[in-house]
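Presented below is the structure to which this report refers.
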Amino acid sequence: MQSCDLISSLKSVRALDGLADHEYAWIAENGVHKHANPGETIFREGDPATVMFFVLSGEVHMRHDRAARQSLVIGRSAQVTGLLPFSRMRFYTGTALAVDTVCVLEIVHSSFDDMLNAIPTMNRRCVAVLLDRAREVTRIEQQEEKLTALGKLAGNLAHELNNPASAVKSSATNLMRELERQKLLRRALDRGGFSPIELEFMHQSQEELSARTVLPSALDDIDREDALTAWFEKAGLGGNSWEVIPDLFEGGVLVEDLERIQKQLGAAHLMAVLRLFSSSLCVKKMGRNISSAADRIFEISRAVKDYAYMDQAPIQDVDLSLALENTLTMLRPRLSGIHVNVDVARDLPLVSAYGSELNQVWMALLENAIDSIDEYAPSKGRIDVHVNKSGESILVEVWDNGHGIPASLHDRIFEPFFTTRPPGKCLGLGLDAAQRIVKKHGGYIRIQRCDPGETCFLTSLPIERPHLY
C-alpha cells in the first residue's frame, strides 16, 4: 500500500481523529503493514503481547479458547486492538481471527516511547481506548456470566421440575383409568341385590377406610401383610387376592375389618366389594401423589421467586439462611450423592444488600465446590456451610472435600476466564463475578484453606452498607 493510501486509511481510525498530517505520516512510516486472509490467525491467546494493531480494513473476531469457540469481541475496520501504551497486558487474552481479508498496521511496543514523543496526544487517546476496552470487556464478562448462570439454572430447574411433573401426569392418567374401573365395579354391585342397610354399611365402611391414617412401622407392616394374605387364603379368595391386597394393605385395612365386612355382607359378593374398596383406596393414593407433586412444584416456584427476589426492591434486608436454602434448592439435581450441612448462627441479623446478586455469589461458591468434589470424591462428597456474625460483619464459610487448589494458582483463581476445567466445560467467570459482587457490597472473598480434601472459601459482608442506597 502506498504511503498516501496508508495515511488515508489511518485517518478513518476514530482513535486517531484530529491528528496532524505529520503525525499520521509518523505512524505510517514506523508501522508494519500486513494482510491476513480469511481464517488466518492474527495473534493467539497466551502469546506475549508485543504489538499495537490499527485495523485498516476487514473484520477481526477475538475468541477465548475456553469459551467453546464463541466470538466474544468483534474488531472492525477503523479500530485499535492489541497491546496499548500504559496497558498492563502481558499476554493476549484471546485469539484474533480474520473473518475476511484484513489489513492492519502494527506498531511494536519498542516504538511506543518514540510514538508518544512524536505524537503527544497519543497519551490521552490510548487511555481513552483502554477505558472503552475495559468497559466493553466488563460488559461482555457480565453478559457471559449471566447467560452461563441462566443456562445452568434452566437446566437445574428442568431436571427438578421433571420429576413432580412426571408424577402428576402418571398419577392423573392412572386416576382416570381407575375411575372408569370404579364405574364398572359399582354397576356389578348394583346387580348384587343388596338391601338398603347393606348398601349403607358399604358406604360407611368405604368412608371409614378412606379416612384412615396409616403410620408406617416395618415390623408391624410385615405382620399385617402376612395376616391379610393368610385371611384371603382361609376365605378361599387367595387366587384373586393379588388384585386387592396391595391397596388394602397401604390403606391400613386390618383382618378385623375384613371379618366385619364378611359377616355383614356374606361371602357371595365379598370379592366384588373388596375390589371397590381397593379401588377407592387406590384413587385416594393417586390424589395424594398429585397433591404432593403439586406442592413440590409450588415449592420450586417459590424458591425461584425468592432466589431472584422477584417483585421486590433491588436492595433488601437479606436473610442469609433463606438465601442459602433457595440456592441449594436450585442446585438440588447436582447435589445427588453429596452430603450438605448448613450451620447458621442463631439470631443472625439481616444483611442490607442486593439479594439477587448475593445469590449469584452463593451459587458460584457452591458450584465450585460441587465441581471440585465431582473430580476428587464423587461418592463421598461433603459440603459444609457455616454462617456467623463477627463484629459488624457476617462471615460465610463454604467448605468442601474436593481436590483443592494448588498454592501456585491462588493468585489467579479470581481472574476472569481462568479455570482449571477442560475447554468448553466452564468459562471461568463464576468466582470473578462473585468477587466483584462482594466488593460492591464492601466485603471481601478469599481462599481460607485449600488442601486436597479440605477447601474453604471465606466471604465477609458488612451488615449495613448505607451507601448502597
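Restricting attention to segment 23-60, and to residues there that are of a type in the set (D, E, K, R) and not in a strand (DSSP E or B), which single residue is nearest to K11 (Cα to Cα)?
E23
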- Query: Quick one: is R275 charged (D, E, K, R) and touching a Leu at 6+ places or on another chain (Cβ under 7 Å)?
  - Reply: yes
Per the filter on segment 411-445, residues part of a loop (DSSP other than H, G, I, E, B), modelled with pLDDT of 70 or more and in contact with a Phe, Trp or Tyr (Cβ under 8 Å, 6 or more places away or on another chain) are R412, H441
For segment 289-324 the number of residues that are open to solvent by 40 Å² or more (accessible area, probe 1.4 Å), assigned to a helix (DSSP H, G or I) and either of a type in the set (S, T, Y) or at pLDDT 85 or above (or both) is 7
Quick count over segment 192-206, residues being exposed (fewer than 11 other Cβ atoms within 10 Å of the Cβ) and either modelled with pLDDT under 80 or in a helix (DSSP H, G or I) (or both), is 5
Restricted to segment 250-260 and to residues being in a helix (DSSP H, G or I) and touching a helix residue (DSSP H, G or I) at 6+ places or on another chain (Cβ under 6 Å), the residue least open to solvent (accessible area, probe 1.4 Å) is L258
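Only one of E208, E178, E250 is within 23 Å of G287 (Cα to Cα) and in contact with a Cys (Cβ under 8 Å, 6 or more places away or on another chain). Can you tell me which?
E178
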Scanning segment 89-132 residue by residue, those over 46 Å from the mean Cα position of the chain (by Cα) and under 20 Å from G18 (Cα atoms) turn out to be D114, M115, L116, N117, A118, I119, P120, T121
In segment 325-383, residues that are within 26 Å of P462 (Cβ to Cβ), open to solvent by less than 10 Å² (accessible area, probe 1.4 Å) and part of a helix (DSSP H, G or I) total 11
Quiz item: Hey, does segment 61-73 have a residue that's among the basic types (K, R), modelled with pLDDT of 85 or more and either closer than 18 Å to V32 by Cα or out of contact with any Ser or Thr (no Cβ under 7 Å at 6 or more places or on another chain) (or both)?
Solution: no
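The values are calculated or read from the model by the stated rules, or taken from the named source; none is laboratory data. Please read all numbers here as calculations on a predicted model, not as lab measurements. Positions of Cβ are backbone-derived with ideal geometry, glycine not excepted, and every protein chain shown enters the neighbour counts. Just so you know, the surface numbers come from the protein's heavy atoms only, side chains and all, with ligands and any DNA or RNA stripped out. Shrake-Rupley method; radii C 1.70, N 1.55, O 1.52, S 1.80 Å.
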